[in-house]
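Contents: one structure, followed by commentary.
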Amino acid sequence: MSNIIIYGSHYGTTKQYAEELSRRTNIEAVSFKDIKEINNYDKIIYLGGLYAGGVLGMSKTLKKLNKISNKTIILATIGLSDPTDEVNKNNIRNNIKSQIPKEVFEKAKIFHLRGGIDYSKLNFAHKTMMKLLYNAVKNLPEEKQTAEDRAMIETYNKKVDFIDFSSLDKIVSEI
Ligand SMILES: Cc1cc2nc3c(=O)[nH]c(=O)nc-3n(C[C@H](O)[C@H](O)[C@H](O)COP(=O)(O)O)c2cc1C
């Protein structure tokens, strides 16, 4: 049986999770940028950083799948917002649903992990985007703020690290 961990990471937090998962499971981890053919794998574990609701590289990668009936598909998102917040979790799942084929979504086991951010490392486009988003939510009354808004307000312009490798345990069990 042939398995693969594929990750989409801009700033390395998702890559850290993918490499730790690879170490624990002995499954090779590769960036989505380096993967050409995915149909010969039985088990595909995709980890992607959340960028404005999108999962980096996920739809581009999973679009290459043509027959999934005998496959196991595990998806994990890595974001700043709190994945134990039910509304947030539902938003992430609805976003995923709109980004991948229906049958892949229905087959996939989905997990949510927390990453981190270091504003001093963001590229110009990402910095600008965060500034716009921050300005749009910073004055919202607390009851109107989503988990995403709160995470952004609390971490804006800072360096934070919520990486917790123990959150990989449930994915390892699933594998
Ligand atoms: C431009 C931008 C957009 C982001 N959008 C989201 C988001 O929609 N939801 C979320 O939870 N985190 C969001 N984040 C935070 C990232 O998901 C988080 O930093 C993650 O750990 C990045 O993964 P990476 O280091 O592997 O690139 C965003 C970060 C940036 C810079």
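The values are calculated or read from the model by the stated rules, or taken from the named source; none is laboratory data. Worth saying up front: this structure is predicted, and the values here are computed from it rather than measured. No Cβ is skipped: glycine too gets one built from the backbone with ideal geometry, and neighbour counts run over all protein chains shown.
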Checklist entry - Are any residues in the range 154-175 in contact with a Ser or Thr (Cβ under 7 Å, 6 or more places away or on another chain) and part of a loop (DSSP other than H, G, I, E, B), and if so, which ones? => result Ile163, Ile175
Checklist entry - Checking Lys159 against (1) within 12 Å of the ligand (Cβ to nearest atom); (2) without any contact (Cβ under 8 Å) to a residue 24 or more places away in the chain, which single condition isn't satisfied? => result (2)
Checklist outcome for this item: Counting only residues in the range 12-63 that are in contact (Cβ under 8 Å) with a residue 40 or more places away in the chain and acidic (Asp, Glu), the one farthest from Lys109 (Cα to Cα) is identified as Glu20
Checklist entry - In the range 143-161, is there at least one residue being among the hydrophobic types (A, V, I, L, M, F, W, C), within 25 Å of Tyr7 (Cβ to Cβ) and modelled with pLDDT of 95 or more? => result yes
Next on the checklist: Quick check on the range 78-93. Is at least one of its residues more than 21 Å from Lys15 (Cα to Cα) and within 8 Å of the ligand (Cβ to nearest atom)?
Outcome noted: yes
Item to check | Filtered residues of the range 129-152 (kept if surrounded by fewer than 15 Cβ atoms within 10 Å (Cβ to Cβ) and either among the hydrophobic types (A, V, I, L, M, F, W, C) or near the ligand (Cβ under 9 Å from one of its atoms) (or both)) | outcome: Met129, Leu132, Ala136, Leu140
Checklist outcome for this item: For the range 37-63 the number of residues that are on the phi > 0 side of the Ramachandran plot and more than 8 Å from the ligand (Cβ to nearest atom) is 1
Checklist entry - Any idea how many residues of the range 131-165 are hydrophobic (A, V, I, L, M, F, W, C) and under 18 Å from Ile92 (Cβ atoms)? => result 7
Item to check | the range 93-123, residues that are among the β-branched types (Val, Ile, Thr) and within 13 Å of Leu65 (Cβ to Cβ) | outcome: Ile100, Val104
Checklist entry - Of Ile74, Ile68, which residue is away from the ligand (no atom under 14 Å from the Cβ), under 23 Å from Met1 (Cβ atoms) and modelled with pLDDT under 95? => result Ile68
Checklist entry - Which one of these is in contact with an Asp or Glu (Cβ under 6 Å, 6 or more places away or on another chain), surrounded by 14 or more Cβ atoms within 10 Å (Cβ to Cβ) and at pLDDT 95 or above: Gly57, Gly116, Gly48? => result Gly116
Checklist outcome for this item: Pairing a residue in the range 132-145 that is closer than 17 Å to Ala52 by Cα with any residue that is among the charged types (D, E, K, R), where Cβ atoms lie under 6 Å and the two sit 6 or more apart in sequence or on different chains, gives Val137/Asp149
